[in-house]
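What follows is calculated from the coordinates using simple rules that are stated; it is not laboratory data. Everything quoted here is computed from the prediction, not taken from an experiment. Cβ atoms come from the backbone with ideal geometry, glycine included; neighbour counts cover every protein chain shown.
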């Protein structure tokens, strides 16, 4: 990776040869590797969100620099006074009034977050190999000690409420950094999410940015069949948010939507995505892709071929 850093208004670790496209391909490849190695993983979430996360880390977020890729310490307890394990937020660099806070809501997207952190040079590559093993902080369901996480978001859908509180405090302190939240569309089925949406608009949290992976699936099938959340844009607009809708696999569209927002209200970017992006073999399984496990030798062969293609693209 090149030692040239990007301008101060972008992630300090993104470089000329670390593009959103290359990071997205690597995220897919790394998570598919784990799916085959561990006989199952939250693969489809990584496939749908890869460009979103890659664009956030390389083009959108204003994060403090870390001097070198950080190792993930073993789990010694929940961060706090009695068990002072390091917060997973340290992988986003030091907190400061001018830096963004990046908060992860869907904890089952953890493997995609780890792969993104490794791909932009914030997580030590060897740490990734400890994913979902005893004593590792790279847990399958991320918590406040997991790399990239500084919140435990509860059973589901609690991060936006927590982020609104953080953004409100930052506003009152005069911080110039933004509070950025990554969320899945399944969380829009949760009532607490909409309480957070309402509170954010009421307190005019214009430096709160929400990125939603609208992949149309949840654990029980298609979101439209289980609990339809559309029209999402109209709902956010009705609550007083600024909203934009983009192809979630188009990094340029994501970056442009953020750069051109009015900035006087909370902002939601709805990124419509495909849960089989990069691994078309999985299209036949839709909508049952919440957790992908190879079922037989045919599955394993097809997934290995998809991995070879991704590795070739990412090289």
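Checking the a/c ratio against 1.5 first, then a/b against b/c, what shape does the Cα gyration tensor give for segment 86-176?
oblate
What shape does segment 187-315 take by its C-alpha gyration tensor, where a ≥ b ≥ c are the square roots of the eigenvalues and a/c under 1.5 counts as rounded, a/b above b/c as prolate, and the rest as oblate?
It comes out oblate by the Cα gyration axes.
Can you show me the helix-derived [θ] at 222 nm for the chain, built from DSSP H runs with n ≥ 4 at -39,500 (n - 2.57) apiece and divided by the number of residues, rounded to the nearest 500.
Result for the chain, helices only: -10500 deg cm²/dmol.
Which of 213, 134, 207, 100 has the fewest other C-beta atoms within 10 Å, and how do the rest follow up to the most?
Ascending Cβ contact count within 10 Å gives the list 134, 207, 100, 213.
Using 0.36 nm per residue of separation minus the Cα-Cα distance, give me the extension gain between residue 219 and residue 195 in nm, one decimal.
6.4 nm
Obtain the nm distance between the two label points defined at residue 311 and residue 22 by a simple spin-label model: each point lies 7 Å from its Cα along the Cα-to-C-beta direction.
1.9 nm
Using 0.36 nm times the number of residues separating residue 286 and residue 264, minus their current alpha carbon distance, what extension gain do you get?
Gain on stretching residue 286 to residue 264: 4.0 nm.
In nm, give the distance between the simple-model label positions of residue 78 and residue 171, each being 7 Å from the Cα along the Cα-to-Cβ direction.
2.9 nm
Going by average Cβ neighbours within 10 Å, how do the peptides 286-295, 194-203, 269-278 rank, with the highest at the top?
Ranking the peptides 286-295, 194-203, 269-278 by packing returns 269-278, 194-203, 286-295.
So, in nm, how far is label residue 252 from label residue 95 when the simple model puts each one 7 Å beyond its Cα toward the Cβ?
It works out to 3.8 nm between the two label points.
Treat the count of other C-beta atoms within 10 Å as a stand-in for reagent exposure and order 49, 146 from fewest to most.
With the sparsest Cβ surroundings first, the list reads 146, 49.
Compute the FRET efficiency between residue 237 and residue 38 as 1/(1 + (r/R0)^6), taking r as their Cβ-Cβ distance and R0 = 51 Å, and round to the nearest 0.05.
Rounded to the nearest 0.05, the efficiency is 0.80.
Of 299, 39, how do they rank once you tally other Cβ atoms within 10 Å and put the fewest first? Kindly include the intermediate steps, with their values, before the conclusion.
Details: 299 16, 39 10.
In increasing order of surrounding Cβ atoms, one gets 39, 299.
Which one of 192, 45, 158 has the biggest mean-square fluctuation once the chain is modelled by GNM with Cα springs under 10 Å?
Result for the chain, Cα springs under 10 Å: 192 fluctuates most.
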